[in-house]
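Heads up, the thing below is written out as structure tokens.
The values are calculated or read from the model by the stated rules, or taken from the named source; none is laboratory data. On a predicted model such as this, the values are computed, not experimentally measured, just so you know. Surface areas here come from the heavy atoms of the whole protein model, side chains and all, with no ligands, DNA or RNA. Shrake-Rupley method; radii C 1.70, N 1.55, O 1.52, S 1.80 Å.
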Amino acid sequence: MAEDNPAGALRSCLSVPGSDGRKIAKAAGSGADEIVLDLEDAVPPAGKDGARDLVASWLGRRAEIGPRIAVRVNAPRTPWCHADVIACVRQGGTASIVLPKVESAGDLAFVDRLLDGAEAAAGCVEPVTVQALIETAAGLANLREIVAATSRLTTLIIGYADLAASLGRAADIPAETWLWAQDTVLTAARSAGLAAVDGPYLEVAADERFTESVRRAAGLRRQVGHPPAPDPGSDEAFTPSADEVTRARAVLAALREGHERAQGAVTLDGRMVDEAVASAARRVLAKAGGSRV
């Protein structure tokens, strides 16, 4: 975990090709909260086996990488998915896999059983978690069953490029066009107690468009692609400010005092504070690593 993120909150994910050891090494010093080693879209078919071996070797010495490591395996129904999953578990170096093209509960059930067997063979104590990439029309349509498919599922991630292709849209449509998809995924994630991650930002410059995309994704975590490292503005956008933390603590203190007086709602600085406002305050403190009182 990055040293400037002692609370362990995952604000940014950096995705790097699993076939490029130089980029993996560079990512290790990027300051990202999570590094995703990509065996899927970043690797051509002829390079799949070699990339899997390279990623497995890195997982075997994960202490050199430092941050949380996830592996984006190939999608179910491809010739490589099962081998990717088994290799990750055999090395014991990843706490999570990112599963592409999740379209149904069946896709997660397949990986769930595969992980059961691989973990038993490897003698794993802690179960590997799963992050589901939602990047097709079917995936969006079946979110209700997807989020309830397995206890391993911790996260939903939006995949814009493949989702655009699935919907017959251009990949470079305006960012605001995707607000409905963001809200759909975020609602499904929150309803099931899961994390939600915005899709990768694919440009190479941390310019005004990057800043705007971060602002629009404020309810989700941000994923970026290599080579650009996570811009400080990205982590800042997903980390509550000192003023927000102070306000959140004041809200909880005011409501606690109200409860002691048998009041369900109180006023603070001229605004009503009730349990709904307190819930938002607790989320702020959780992101900042503060108390959840």
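Just a few scattered comments:
- Length released on extending from Ala25 to Thr246, taking residue separation times 0.36 nm less the Cα-Cα span: 75.8 nm
- Volume per residue of the convex hull around the Cα atoms, evaluated for segment 16-110, comes out as 90 Å³.
- Of the solvent-accessible surface of segment 102-158, computed with a 1.4 Å probe and all protein chains present, 54% belongs to carbon and sulfur.
- Within segment 68-197, the percentage of alpha carbon pairs spaced more than 18 angstrom apart rounds to 51%.
- Enclosing the Cα atoms of segment 117-179 in their convex hull gives a volume equal to 111 cubic angstrom per residue.
- Solvent exposure of segment 87-134, expressed per residue, is 39 Å² of accessible area, with all protein chains present and a 1.4 angstrom probe.
- Accessible surface ranking for Glu244, Glu103, Glu40, 1.4 angstrom probe, highest first: Glu244, Glu103, Glu40.
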